[in-house]
Each structure stands twice: as structure tokens, then as C-alpha cells.
1. Go through segment 158-215 and count every residue that is in a helix (DSSP H, G or I) and not hydrophobic (A, V, I, L, M, F, W, C).
2. Mind telling me which of the residues Phe158, Phe172 ends up being closer than 20 Å to Ser137 by Cβ and in contact with a helix residue (DSSP H, G or I) (Cβ under 9 Å, 6 or more places away or on another chain)?
3. Hey, among the residues in segment 127-173 that are farther than 18 Å from Pro31 by Cα and of a type in the set (S, T, N, Q), which one's farthest from the ligand (Cβ to nearest atom)?
4. If you go through segment 142-167, how many residues are surrounded by fewer than 16 Cβ atoms within 10 Å (Cβ to Cβ) and either touching a Leu at 6+ places or on another chain (Cβ under 9 Å) or not hydrophobic (A, V, I, L, M, F, W, C) (or both)?
5. Only residues that are charged (D, E, K, R) and either within 12 Å of Pro107 (Cβ to Cβ) or part of a loop (DSSP other than H, G, I, E, B) (or both): list them for segment 58-80, please.
6. So Ala139 clears everything in (1) part of a loop (DSSP other than H, G, I, E, B); (2) surrounded by fewer than 17 Cβ atoms within 10 Å (Cβ to Cβ) except one condition, right? Which one?
7. Do we find a residue being more than 25 Å from Ser178 (Cα to Cα), in contact (Cβ under 8 Å) with a residue 40 or more places away in the chain and within 15 Å of the ligand (Cβ to nearest atom) anywhere in segment 58-66?
Amino acid sequence: MIQYRKFIFNPFAVNTYVLWDETHRCAIIDPGMVETREYSTLFSFIESNKLEPEVLLLTHCHLDHVLGWEGVHKKYGLVPQFSFEDGESCRRQNTQYLTMFGLDFPPIPSMGQDLSGGTAVKFGQSELQVLDTPGHSAAGLSFFHAESKLLVSGDVLFHLSIGRTDLDGGDFNVLSHSIREKIFPLGDDVKVLPGHMDETYVGYEKKHNPFVRGY
Ligand SMILES: [Zn+2]
């Protein structure tokens, strides 16, 4: 069974997750660290729990979800695994955002492994299913662990909300299709770990989420 810990990093309050299993090997998902203090928080958690980072995953490449990828790479030698298509789309928006947030480094990964739906990512003795869940970004991914009933959904589905669809690659119909066809069938008791704000459950959102309920 997988255990997890959520951290909230950077001015966008992104949720960064560490998932681990009995082997104490772990996955780091959406590393949002930007300040030294945030890096220390993550690294000391990993150290004090004797975890061994084995994979670095990105649900999508919006700035707030990738800011700390290079720091994780330098510390643990991991290359990010993400959708290259999503990376390309986000790179196009980059200049605008870099200026807007006064950043002087290119946050979209310049190296990595291309991931797409239908594949699986292994760490320890666990396997996460990769789901294509586009619509918030061009080719966003979600990561599902069936046995633990956990879904890391990025900015696709939130507690009583959904991801914004006004950025490059965003499309409400595509997003709504991702939620209804990829996430809802996973089961009502699946816990959703979103990219921002609180955890929720598939069944709860199916019933109450004003954007996608009633399908
Ligand atoms: Zn996003």
C-alpha cells in the first residue's frame, strides 16, 4: 500500500506529493519548491523518514508544478518523467510567465522521459497507472494506484471545482471528458489528490461537483 505526504509550495500554493511504499522507495510528484526553505522541508522529510527517491513525475508542465524539478534532479539524480507534448505546449507560454513572475531560469524540464496514458511507472514494489487527462493543459497526466485507491490528478479535478481551461491547450469539453471518462470510472471510493487545495473523493465529486456532476 502506498502512503503519501502533501506539501504546499510556492506563491501559487501548489501541492507537491511524496508517495512511498513498504520498501521506503518514493515518488516525488509536481516539485513546486522555489525557496531554500521549501527545498529543506522536502529534503528533510525524505531524509528523516529514510525514504529513497526513485522517480520524479510531473502531472503537467505549468510553471507552479515544475519549479523545483532541477533541484530534485541535482539532489537525487532523477530525470523528470512527463508528457513531452505538454512540455512543448507550456514552453510556448513561458516567455510571458517568466516576465510576469520575474524568473530568470527556464522551468520547463530540458531533459526527461516521455510519458503517456496507458503506460505505468514503477517505484519500490508499486506501479502507478498513467492516465491521459488533457483539457486543463495540452497533455496533462494523472497517476493512479489501484490497490491504494489513490489518484494524483494535477489540475484536472478539484474539490467542488475543475482546472482552468483558458490557458494554452485548455478546453472545457476535453477536460470534462477526461474527468467523466477517465477519472469517474476509477471508483467512488478513490481518493483524489489534486494539484491545489484539499483532497476529495471521486464519488463525492460525481455527486456534487457543479462542473461535471450528473453525467
Ligand atoms: Zn496547471
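1. Restricting attention to segment 158-215, the residues satisfying the condition of being in a helix (DSSP H, G or I) are 172-186, 202-208.
From the residues that got through so far, the ones that are not hydrophobic (A, V, I, L, M, F, W, C) too are 173, 176-178, 180-182, 185, 203-208.
Of the residues in segment 158-215, 14 are in a helix (DSSP H, G or I) and not hydrophobic (A, V, I, L, M, F, W, C).
2. Testing whether each residue is closer than 20 Å to Ser137 by Cβ and in contact with a helix residue (DSSP H, G or I) (Cβ under 9 Å, 6 or more places away or on another chain) leaves just Phe158.
3. Ranking the qualifying residues of segment 127-173, first place goes to Ser148.
4. Step one: filter segment 142-167 for residues surrounded by fewer than 16 Cβ atoms within 10 Å (Cβ to Cβ), giving 146-147, 160, 164, 166.
Then keep just the ones that are either touching a Leu at 6+ places or on another chain (Cβ under 9 Å) or not hydrophobic (A, V, I, L, M, F, W, C) (or both); that gives 146-147, 164, 166.
Residues that pass the stated criteria total 4.
5. Once the filter is applied, which keeps residues that are charged (D, E, K, R) and either within 12 Å of Pro107 (Cβ to Cβ) or part of a loop (DSSP other than H, G, I, E, B) (or both), segment 58-80 yields Asp64, Glu70.
6. (2)
7. No, segment 58-66 contains no residue that is more than 25 Å from Ser178 (Cα to Cα), in contact (Cβ under 8 Å) with a residue 40 or more places away in the chain and within 15 Å of the ligand (Cβ to nearest atom).
Quick grid of which residues meet (1) surrounded by 17 or more Cβ atoms within 10 Å (Cβ to Cβ); (2) within 15 Å of the ligand (Cβ to nearest atom); (3) at pLDDT 95 or above; (4) not β-branched (Val, Ile, Thr):
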{"position": "Ile2", "(1), (2), (3), (4)": "yes, no, yes, no"}
{"position": "Pro31", "(1), (2), (3), (4)": "yes, yes, yes, yes"}
{"position": "Arg37", "(1), (2), (3), (4)": "no, no, yes, yes"}
{"position": "Leu42", "(1), (2), (3), (4)": "yes, no, yes, yes"}
{"position": "Arg92", "(1), (2), (3), (4)": "no, yes, no, yes"}
{"position": "Pro107", "(1), (2), (3), (4)": "yes, yes, no, yes"}
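The values are calculated or read from the model by the stated rules, or taken from the named source; none is laboratory data. No experiment lies behind these values; they were computed from the predicted model shown. FYI the Cβ positions are ideal-geometry reconstructions off the backbone, even for glycines, and counts take in every protein chain you see.
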